[in-house]
1. What does the helix-only formula give at 222 nm for the protein assembly as shown: each DSSP H stretch with n ≥ 4 adding -39500 (n - 2.57), the total divided by the residues, and the result rounded to the nearest 500 deg cm²/dmol?
2. What does the charge count near A:TYR160 come to, summing +1 for each Lys or Arg and -1 for each Asp or Glu among other residues with Cβ under 11 Å from its Cβ?
3. What does the charge dipole of the stretch B:177-286 about its Cα centre add up to, to the nearest 20 debye, if the Cβ of each Lys and Arg holds +1 and the Cβ of each Asp and Glu holds -1?
4. Rank B:LEU152, B:ILE142, B:LEU76 by how far each Cα sits towards the positive end of the charge dipole of the stretch B:28-285 (+1 on Lys, Arg Cβ; -1 on Asp, Glu Cβ) and give me just the farthest.
5. Within a Cβ distance under 12 Å of A:VAL10, other residues only, what is the Lys/Arg minus Asp/Glu net charge?
6. So what is the diffusion coefficient of the stretch B:217-286 in µm² per second by Stokes-Einstein at 10 °C and 1.306 mPa s, using a Kirkwood Rh over Cα pairs?
7. Please turn the phi angles of the stretch B:207-224 into ³J(HN,Hα) values with the Karplus equation 6.51 cos²θ - 1.76 cosθ + 1.60 (θ = phi - 60°), one per residue in order, whole Hz, x for glycine and proline.
8. Excluding A:HIS183 itself, what net charge comes from residues whose Cβ is under 11 Å from its Cβ, given Lys and Arg +1 and Asp and Glu -1?
Amino acid sequence: MRPVIKVENVSKLYRLGEIGTGTISHDINRWWAKMRGKEDPFSQIGSENDRSVNDGSDYAWALKDINFEVAQGDVLGIIGRNGAGKSTLLKILSRVTLPTKGGINVKGRVASLLEVGTGFHPELTGKENIFLNGAILGMTKAEIKRKFDEIVDFAGIAKYVDTPVKRYSSGMYVRLAFAVAAHLDSEILIMDEVLAVGDAEFQKKCLGKMGDVSRNEGRTILFVSHNMASVKSLCTQGIVLHNGQYAFEGTTHDAVNFYQQNSNLNQFVNFSLDSEDILGNANIKILEFKVEALTGDYISVSSGVAFECTFYNEKVGINLDVTFELVNSEEVKIFHHAALISKDRDSKRGLYKVKGHLSPYILNAGQYKFNIIFGENQRYVLFKESEVVGFDIANESMGSNTETLPGVLRPNISYEIDFQK
Amino acid sequence: MIEEKKENLDWDFRIEANNDPLNVGFSQVWKYRDLLMLFVKRDIVTVYKQTILGPLWFFIQPILTTITFMFIFGNLAGISTDGVPQILFYLSGITIWNYFNETLIQTSKTFTENAPIFGKVYFPRLVLPLSKVISNLLKFGIQFGLFVITLLVYYFLGKDVYPNIYILLTPLLLLLMGGLGLGFGLISSALTTKYRDLTFLIAFGVQLLMYATPVIYPMSSISDKYQMYIWLNPLTSIVESFKYAYLGSGVLDWFWLSYSCVFTLILLIVGAITFNRIEKSFVDTV
């Protein structure tokens, strides 16, 4: 298939801090540089968009040198953490804002859905809003007319088409908004996490509609999400952004996998024994700690978690134990569990390897971190380290619900239902 | 190399930073003409939703203003109306002035008021100010109807009003009024996105501008020394021509009318270029 979108060296510079104060002086500076034929003096200082490091610069690259192509009919998922530049990229692709450098070639009509119901006016009726919203999204009046019944039908609001939308329930409002969007006729559809709205039933209907359209009509879809479950169910290809930079491209499967392993969390640590910054002290030196999926390629609710720690022990003749602590992103301790390495005061100097695993369907989707504590005789701490490694558990749909469910656990419960009249 | 060129020709459009500032994109606006008309409809329809008097409000506003002007400028300040019945004199001025005033104020808010939409969807931004020009033209039509009815009543009562052939100039006058409102509006909309301070200046400035235009006073009441300055205001000749055509009082000056035409044209070009420049970076600075 031929490429329909070609992104070339796209970069986007943002000014940090408050805009307003100092803008005149910056404008004058910029103008002066331009007059002398020099480059924009503010576009050089901006560094990589790592928001945890404040390098004092007022400008930052939200995107830096992004290159990729999308072939016709592809459903491309764009994944990355908050602030990775996903939304900026979508905004540029939907022509809401322009890149600072580089360019994008596009073939075909683009419709973007960065939000559902853009331009809905509360005072207008459902019918009037269908026309207005459709036109804002790029449809002509004739096209909307042709699809009108289908839209009303899809949204299930036939009874309310002549009622102002301010009288709608929020569910109806969203369904109507989404129905308009789902009936866009464009060759390329760009979507932000709009699927995160509406009830589960309706979400499924939308996902189905999107999938149908891309399969049957060869429409290209670009989809941004940090919900791995919906990315996996909808997309065929994936790219990963990291701090505004392009990090990976491949099948959805590989991309999700890459994303998990290369997120801000270190899923893996590895040191050589003689290295200077080795994790440890005179008693214990951690050589390796890794977390993997127990089954399958990446960690998800259903894959289970396998973890493995290799360390060098210097303490001879004690009762050595290792305690693994798991903490979630809300700093809740999930468990504190110890492995006895030696019971009869017979610890030896040398390499130990401890493996453990958590069965599938225990932990809910989310981010987790391991703390590790080495102890002597279950009383004295030999060495402890917090947040040695971190990992991400991808969500998996529960029935028609693609959202991450609330709660710490995500057990597989079998129910027995009894009914008596 | 050749192959690469071939491929380049195949794209529908390219998104990049350095676009031609002169490329205002009228073809895009034309493509989105349905949206333009839907915005016009929205502006008109939503004004009187959930009001008791509905579209009557379009009449009430100029009537109340006219009464106020009659009381303050006509009776308290005693400013002459050149022998024209006060109601007609003020109503004519208010009707044409309102068109300019509303167009300017509303187009100047294009970016600040529509930021949520602009931040989410692409469409040629020029569609919005243009829709304001048209919806205000419709509102003008309603108020103009009120004016014409009043005029006819006075005419048949045999009062001092002399509508004449220059009524045929009305389309040109409207075009100029709308053009000036749009031009000033485009420039101020572009400037207010970055420097919000200007919002305050514009509301104030338009009010001042009204006093520099012969809306509430006839040109003849200005001393010769200052006439020149008043004529330099491009709105003056339009308002005067309008009054001359419908009431028979006022001055129809071809030189100053052509001056207004040229002024409007230049203003529109400058406005379109400024607007075009700002619409591209606006989402990041608003």
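Quick note: the coordinates plus some simple rules give every number you see, no bench work behind them. Computed from a predicted model, the values in this text were never measured in an experiment. Because the Cβ atoms are built from the backbone with ideal geometry, glycine has one as well, and the counts that use them run over all protein chains shown.
1. On the way: 20 runs with 293 residues, N = 707.
-13500 deg cm²/dmol, from helical runs alone.
2. Its environment carries a net charge of +3.
3. Numbers: 6 positive and 6 negative charges, 37 e Å.
Its charge dipole is roughly 180 debye.
4. B:ILE142
5. Working: positive: A:LYS6, A:LYS12, A:LYS64, A:LYS91, A:LYS101, B:ARG14; negative: A:GLU8, A:ASP65, B:GLU16.
Neighbour charge sum, excluding A:VAL10 itself: +3.
6. On the way: Rh = 14.1 Å.
Using the Kirkwood radius from Cα pairs, D works out to 112 µm²/s.
7. Whole-Hz 3J(HN,Hα) from phi for the stretch B:207-224: 4, 4, 4, 4, 6, 8, 10, x, 8, 9, 9, x, 4, 5, 7, 8, 5, 3.
8. Values: positive: A:ARG146, A:LYS147, A:LYS209; negative: A:GLU143, A:ASP149, A:GLU150, A:ASP153, A:ASP185.
Taking every other residue near A:HIS183 into account, the sum is -2.
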